[in-house]
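Everything below concerns the one structure shown next.
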Amino acid sequence: MTSTDGDTNRDMIDVLTADHREVENLTDQITATVDPEERRDLADQLIAELVRHSVAEEMYVYPAMRDHLPNGEQAVEHDIQEHKELETLMKQLEGADTDSAEFEDVLGNLRQALLDHVQDEETTQFPQLRAHVPAATLVELKEKVELAKKVAPTRPHPAAPNAELFHKLVGPGVGLVDRLRDRLTGRST
């Protein structure tokens, strides 16, 4: 997911919201496409973007929520459960034949889980973060989120912990292995 690094007015929430729009666009493209190869490429891009986005949230957004929101711990626990569900669905989508009914079912389930997650973030959590976190901090977090997405894994790892420390210590190595696998297999990310 791209950013405009020159735009200093953008913050972490702007970047994450743009990610949401990009993911929605990718799911629409997958649904509209009938070519199996193109569907696989788009699905792989969707999965890679979602994994990177989720890792960045777990590394930087969730700690900010815990520190600044009145119900931060509860909100983070809810989001981690949603991330686990999304990872499981992404793993299923990754392994499904694009011509199969399974692919359509998993894509539909993934789309619904994403809609629910995005709704929570954009209508409740992001406004609360804007209200409770200084604007300068949100801009600093944007830089960290963008960097995290560059080194994050590109494949779902449902058995891995959804924790800040894990992502900071192990995530870059897993990301390197995933990107190497992507290059070797020609996977679109």
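The values are calculated or read from the model by the stated rules, or taken from the named source; none is laboratory data. Just so it is clear, the structure is predicted and the values come from calculations on it, not from any experiment. Glycine gets a Cβ as well: all are built from the backbone with ideal geometry, and neighbour counts include every protein chain shown.
Quick notes on this one:
- Only listed residue being surrounded by 15 or more Cβ atoms within 10 Å (Cβ to Cβ) and in contact with a Ser or Thr (Cβ under 6 Å, 6 or more places away or on another chain), chosen from Thr88, Thr154: Thr154
- Set Leu93, Leu114: member being touching a Phe, Trp or Tyr at 6+ places or on another chain (Cβ under 8 Å), on the phi < 0 side of the Ramachandran plot, outside any loop (DSSP other than H, G, I, E, B) and surrounded by 18 or more Cβ atoms within 10 Å (Cβ to Cβ): Leu93
- Residues that are of a type in the set (Asp, Glu) and either within 14 Å of the chain's Cα centre (by Cα) or loosely packed, with under 14 Cβ neighbours inside 10 Å (or both) within segment 21-49 comprise Glu22, Glu24, Asp28, Asp35, Glu37, Asp44, Glu49, listed in sequence order.
- Some residue of segment 102-110 being among the polar types (S, T, N, Q) and surrounded by 15 or more Cβ atoms within 10 Å (Cβ to Cβ): yes
- Filter pass, Glu121 being buried (at least 19 other Cβ atoms within 10 Å of the Cβ) and touching a residue at least 24 places away in the same chain (Cβ under 8 Å): yes
- Residue that is surrounded by the most Cβ atoms within 10 Å (Cβ to Cβ) [pool: residues in segment 68-85 that are free of Cβ contacts under 8 Å to residues at least 24 places away in the same chain and touching a helix residue (DSSP H, G or I) at 6+ places or on another chain (Cβ under 7 Å)]: Val76
- Helices (runs of 4 or more DSSP H) completely within segment 132-189 that count 2 or more residues being under 18 Å from Glu49 (Cα atoms) and at pLDDT 80 or above: 135-151, 171-185
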